[in-house]
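Participant: Dropping a structure here in structure tokens format, bear with me for questions.
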Amino acid sequence: MATSILKCRCECLAIVLIIFTSFLFAVISSEEIIEYEYVSCGSLIKLKNSKYNIRLHSHDVKYGSGSGQQSVTGQDKSDDGNSYWQIKGKLDKPCKRGTPIKCGQTIRLMHSNTQRNLHSHHFQAPLSSRYQEVSAFGDYGSGDIGDHWVVTCSSQWWRRDEQVRLKHVATDVYLAPTDQVYGRPIRGQREIAGIDSPSSATYWKVAEGVYIKPNES
């Protein structure tokens, strides 16, 4: 009798341990999935515009008008290495590598190949006189407050599957492609500008990239 009771208790304890262990692994796996679903500080990303199906792009080609700074365009090729941008924190408040980016957080986007930051200011866009110029500015990641953009999205954190808008802190314009396309020397690439109001053209979504998890920081 005592042996049967002991055996029953051991079996019950084993079942409880199995259930607890399964629950623990489920929580851990769930947290890992959630963390990886977010866009994080230090990640190297491509930004794809939802309306025009192009990627935010730059290269060591200067504007022939306006500020004369490095041009920023929209490129439809998904495999172009000049469309990678690294997510960084504010000038005076760096973000910790691997930390998910919050909706409403101010960030900088540094062009990977030229080490210049996505930038805007009160210059007229090269092809669209009613819009504001967007350029790449600075050296080796240094720059000024014109490099600050707020991530606007609907949840608490910037999710990889979510459309977001990028609003320029200093001038309140939104990052967007226009209907204008460049000729030489960047033929076929679309103009990127700062526009006054949010619209379907101001939605962006992350595409290809290297996404840093918090446990990889």
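The values are calculated or read from the model by the stated rules, or taken from the named source; none is laboratory data. Given the structure is predicted, the values throughout are model-derived calculations rather than measurements. Ideal geometry is used to build each Cβ from the backbone, glycine not excepted, and the neighbour counts take in all protein chains shown. In case anyone asks, the SASA skips ligands and DNA or RNA and just uses the protein heavy atoms, side chains included. Shrake-Rupley method; radii C 1.70, N 1.55, O 1.52, S 1.80 Å.
Participant: Of the conditions (1) at pLDDT below 95; (2) surrounded by 11 or more Cβ atoms within 10 Å (Cβ to Cβ); (3) closer than 30 Å to GLY194 by Cα, GLU32 satisfies every one except a single condition; which number is it?
Facilitator: Condition not satisfied by GLU32: (3).
Participant: For the list (1) touching a residue at least 60 places away in the same chain (Cβ under 8 Å); (2) crowded, with 21+ Cβ neighbours inside 10 Å; (3) within 19 Å of LYS167 (Cβ to Cβ), I need the number of the one condition that HIS57 fails.
Facilitator: Failing condition for HIS57: (3).
Participant: Follow-up question, since we're still on this one. Any chance the range 119-128 includes a residue that's touching a Leu at 6+ places or on another chain (Cβ under 9 Å) and either outside any loop (DSSP other than H, G, I, E, B) or open to solvent by less than 40 Å² (accessible area, probe 1.4 Å) (or both)? Steps first, answer last, please.
Facilitator: Step one: list which residues in the range 119-128 are touching a Leu at 6+ places or on another chain (Cβ under 9 Å), which gives 120.
Going one step further and asking which of them are either outside any loop (DSSP other than H, G, I, E, B) or open to solvent by less than 40 Å² (accessible area, probe 1.4 Å) (or both), we end up with 120.
So far as the range 119-128 goes, yes, one or more of its residues are touching a Leu at 6+ places or on another chain (Cβ under 9 Å) and either outside any loop (DSSP other than H, G, I, E, B) or open to solvent by less than 40 Å² (accessible area, probe 1.4 Å) (or both).
Participant: Go through (1) open to solvent by less than 60 Å² (accessible area, probe 1.4 Å); (2) without any contact (Cβ under 8 Å) to a residue 24 or more places away in the chain and name the single condition GLY146 misses.
Facilitator: Looking at each condition in turn, GLY146 falls short on (2).
Participant: Scan the range 95-109 residue by residue and report those that are in a strand (DSSP E or B) and either open to solvent by less than 10 Å² (accessible area, probe 1.4 Å) or in contact with a Pro (Cβ under 8 Å, 6 or more places away or on another chain) (or both). Can you show your working first?
Facilitator: Of the range 95-109, the ones in a strand (DSSP E or B) are 100, 102, 106-109.
PRO100, ILE107, LEU109 - these are the residues of the range 95-109 that are in a strand (DSSP E or B) and either open to solvent by less than 10 Å² (accessible area, probe 1.4 Å) or in contact with a Pro (Cβ under 8 Å, 6 or more places away or on another chain) (or both).
Participant: Separate question: Working only within the range 129-153, note down all residues that are in a strand (DSSP E or B) and among the acidic types (Asp, Glu). Step through it out loud before you land on a result.
Facilitator: We begin by selecting, within the range 129-153, every residue in a strand (DSSP E or B); these are 132-137, 149-152.
Answer for the range 129-153, where residues must be in a strand (DSSP E or B) and among the acidic types (Asp, Glu): just GLU133.
Participant: What is the one condition in (1) of a type in the set (Lys, Arg); (2) buried (at least 19 other Cβ atoms within 10 Å of the Cβ); (3) modelled with pLDDT under 95 that ARG159 does not satisfy?
Facilitator: Unmet for ARG159, out of (1) of a type in the set (Lys, Arg); (2) buried (at least 19 other Cβ atoms within 10 Å of the Cβ); (3) modelled with pLDDT under 95: (3).
Participant: Can you tell me which residue among ALA207, ALA201 is aliphatic (A, V, I, L, M), within 18 Å of SER58 (Cα to Cα) and open to solvent by less than 40 Å² (accessible area, probe 1.4 Å)? Lay out the reasoning, then the answer.
Facilitator: Numbers: ALA201 fails: within 18 Å of SER58 (Cα to Cα).
That would be ALA207, the only listed residue that is aliphatic (A, V, I, L, M), within 18 Å of SER58 (Cα to Cα) and open to solvent by less than 40 Å² (accessible area, probe 1.4 Å).
Participant: Go through SER78, SER71, SER67 for me and flag whichever is open to solvent by 30 Å² or more (accessible area, probe 1.4 Å) and either assigned to a strand (DSSP E or B) or under 25 Å from VAL150 (Cβ atoms) (or both). Step through it out loud before you land on a result.
Facilitator: Details: SER78 fails: either assigned to a strand (DSSP E or B) or under 25 Å from VAL150 (Cβ atoms) (or both); SER71 fails: open to solvent by 30 Å² or more (accessible area, probe 1.4 Å).
Step by step, each of SER78, SER71, SER67 is checked, and only SER67 is open to solvent by 30 Å² or more (accessible area, probe 1.4 Å) and either assigned to a strand (DSSP E or B) or under 25 Å from VAL150 (Cβ atoms) (or both).
Participant: Next question, about the same structure. As an exercise: evaluate ARG159 against (1) more than 26 Å from PRO126 (Cβ to Cβ); (2) of a type outside the set (A, V, I, L, M, F, W, C); (3) without any contact (Cβ under 8 Å) to a residue 60 or more places away in the chain and give the number of the one condition it does not meet.
Facilitator: Condition (3) is where ARG159 drops out.
Participant: While we're here: Under 9 Å by Cβ, and 6 or more places apart or on different chains, what pairs join a residue from the range 179-196 that is modelled with pLDDT under 95 with one that is open to solvent by 100 Å² or more (accessible area, probe 1.4 Å) and assigned to a loop (DSSP other than H, G, I, E, B)?
Facilitator: GLY188/ASP76
Participant: Across the range 83-142, what is the total count of residues that are charged (D, E, K, R), out of contact with any strand residue (DSSP E or B) (no Cβ under 6 Å at 6 or more places or on another chain), farther than 15 Å from GLY42 by Cα and in contact (Cβ under 8 Å) with a residue 24 or more places away in the chain?
Facilitator: 1
Participant: Another question, if that's okay. Filter the range 35-53 down to residues that are surrounded by fewer than 21 Cβ atoms within 10 Å (Cβ to Cβ), assigned to a loop (DSSP other than H, G, I, E, B) and modelled with pLDDT of 95 or more, then give me how many there are.
Facilitator: Number of matching residues: 4.
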